[in-house]
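As structure tokens, the structure follows; a few thoughts come after it.
The values are calculated or read from the model by the stated rules, or taken from the named source; none is laboratory data. Keep in mind the model is a prediction, meaning the values are calculated, not measured. Positions of Cβ are generated from backbone atoms using ideal geometry, with glycine treated the same way; all protein chains shown enter the neighbour counts.
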Amino acid sequence: MSKTILFLYGTLKRGQKSHHFLAGQEFLGEARTMPLYRLYGLGWHPGMVIDLENGLEVKGELWAVDDATLAKMDEYEGHPTWFVRQDVAVRDCFETVQTYLFNQEVPTGAVTGDCWPFGV
């Protein structure tokens, strides 16, 4: 069975409201992206976007997920409309890692940072 390594940065992380989607999957550890991305608050969840000029090292988690879980997560994230799953540059990781990038216009004045939830 194939596994996909995902970088998760929001409500899918341990202790967050959507973590149940990862039941039975393998937690690989905490991780940080290269400083090429930025998180934005989108109400009850964040969205990560590429930000080559003012990027931050976004903090998150690495998970190895099976194909069935990946399909459920794609549906949950609205891939490829609301979020798009694509490769992400993770510090000190030399394997292919994917994440869900926000695929819509970021609302004006959205709170931004490097770790969800903000201010914790």
Leading residue by the ranking (farthest from Q25 (Cα to Cα)) among those in region 71-108 that are of a type in the set (V, I, T) and surrounded by fewer than 13 Cβ atoms within 10 Å (Cβ to Cβ): T108
Give me the pairs: first residue in region 99-113 and in contact (Cβ under 8 Å) with a residue 60 or more places away in the chain and farther than 11 Å from Y40 by Cα, second residue part of a loop (DSSP other than H, G, I, E, B) and not charged (D, E, K, R), beta-carbon distance under 6 Å, and six or more apart or on different chains, which are they? T99/V88
Those strands (runs of 3 or more DSSP E) completely within region 56-108 that have 1 or more residues that are more than 17 Å from L36 (Cα to Cα) and not aromatic (F, W, Y) are 59-66
Can you tell me how many residues in region 109-120 are buried (at least 18 other Cβ atoms within 10 Å of the Cβ) and of a type in the set (F, W, Y)? 1
Scan region 6-19 and give yes if some residue there is under 19 Å from T96 (Cβ atoms), surrounded by fewer than 16 Cβ atoms within 10 Å (Cβ to Cβ) and modelled with pLDDT of 95 or more, otherwise no. no
Given the conditions (1) under 26 Å from V106 (Cα atoms); (2) without any contact (Cβ under 8 Å) to a residue 24 or more places away in the chain; (3) out of contact with any Asp or Glu (no Cβ under 7 Å at 6 or more places or on another chain), which single one is not true for A23? (1)
How about region 81-94: which of its residues are more than 23 Å from T112 (Cα to Cα) and either touching a strand residue (DSSP E or B) at 6+ places or on another chain (Cβ under 6 Å) or at pLDDT 95 or above (or both)? none
Among the residues of region 24-46, the number that are part of a loop (DSSP other than H, G, I, E, B) and over 21 Å from P117 (Cβ atoms) is 4
Search result, residues across region 71-109 that are among the hydrophobic types (A, V, I, L, M, F, W, C), under 15 Å from L8 (Cβ atoms) and more than 13 Å from the chain's Cα centre (by Cα): C93
Candidates V65, V49 - the one that is of a type in the set (V, I, T), surrounded by 15 or more Cβ atoms within 10 Å (Cβ to Cβ) and either modelled with pLDDT under 95 or in contact with a Ser or Thr (Cβ under 6 Å, 6 or more places away or on another chain) (or both): V65
Being in a loop (DSSP other than H, G, I, E, B), closer than 24 Å to D92 by Cβ and not aromatic (F, W, Y) is the filter here, so list the residues in region 1-23 that pass it. S2, G10, L12, K13, R14, G15, Q16
